[in-house]
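See structure below.
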Amino acid sequence: MSGTRTLCCHVTTATLSFAIIYLIVNVLNLVGIILMVSLDKEAFSVSYYESKATRGQRVFDISTNILMLVMMSISAVLVLFSKRKGPMFVLPFVLMMFVELSLSFLSLFDGAWGLPGTPSYRDMLQAVKGQMRVDRLNEEEIGHFTMWYSVLFMMDILLKVYVLQVSMRCFYALKAERMAAVIVDTGNTVTVKLPSYDEALKMKAEDTPPTYHEA
């Protein structure tokens, strides 16, 4: 990964900004799920994806969503200490971005693979029908909805790819800085053994220069 700048700032600053936004969104999603479970008892009786899942499966689904959000939040928090602690604190964020990108692609085949708090195509379609107060959309409305959903989905994918690339560049940039600092701290120094005043007076022009060695 070459280059340490992206857009108008350093890759470290950009990654830090992405991590803060990432953390805020994840915390809001986590709070939303917890409030839904604690205040709305029907969360266990109504499936997210209109499937015939059992109560245990729905509990497992909610638990894994919460665990996923916690792990993503922790990875974002670690980025905040990467400048002082080193590039390894960026690596969890890079891995979670890769997992998030993979889940986004898998959600195209099954909405159950979608990220916590990210509405699927079916969820968005239900929301549009509820907003329009209709049971079904005609072919023209379905076409417009599918087009807009596809555009937004591709923009979301491209944004995640960009964040993943910037975070990887940040990892390599911090790694290069850490290696440069180690080389400076452990660099060899050259010392020269100078002759004394009396020896200098006795030296002839053809004498060899004083020897030196590395310490």
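The values are calculated or read from the model by the stated rules, or taken from the named source; none is laboratory data. Remember, predicted model here, so these are calculated numbers, not experimental data. Neighbour counts are summed over all protein chains in view; Cβ atoms, including those assigned to glycine, are modelled from backbone coordinates with ideal geometry.
The lone criterion from (1) under 20 Å from residue 159 (Cα atoms); (2) in contact with a Phe, Trp or Tyr (Cβ under 7 Å, 6 or more places away or on another chain); (3) of a type outside the set (A, V, I, L, M); (4) modelled with pLDDT under 85 left unmet by residue 75 is number (4). Scanning region 117-159 for residues that are over 25 Å from residue 103 (Cα atoms) and acidic (Asp, Glu) returns 135, 139, 140, 141.
Scan region 157-167 and give yes if some residue there is in a helix (DSSP H, G or I), surrounded by 13 or more Cβ atoms within 10 Å (Cβ to Cβ), at pLDDT 70 or above and more than 23 Å from the chain's Cα centre (by Cα), otherwise no. The answer is no, given that none of the residues of region 157-167 is in a helix (DSSP H, G or I), surrounded by 13 or more Cβ atoms within 10 Å (Cβ to Cβ), at pLDDT 70 or above and more than 23 Å from the chain's Cα centre (by Cα). If you go through region 1-27 and keep only what is polar (S, T, N, Q) and either under 17 Å from residue 173 (Cα atoms) or exposed (fewer than 13 other Cβ atoms within 10 Å of the Cβ) (or both), you end up with 2, 4, 6, 12, 13, 15, 17. Test residue 151 against the criterion of being in a helix (DSSP H, G or I), exposed (fewer than 13 other Cβ atoms within 10 Å of the Cβ) and either at pLDDT 80 or above or of a type in the set (Gly, Ala, Ser) (or both), and give yes or no. When the stated conditions are applied, residue 151 passes them. Considering only residues in region 28-72 that are among the charged types (D, E, K, R) and at pLDDT below 75, the one that is surrounded by the most Cβ atoms within 10 Å (Cβ to Cβ) turns out to be 58.
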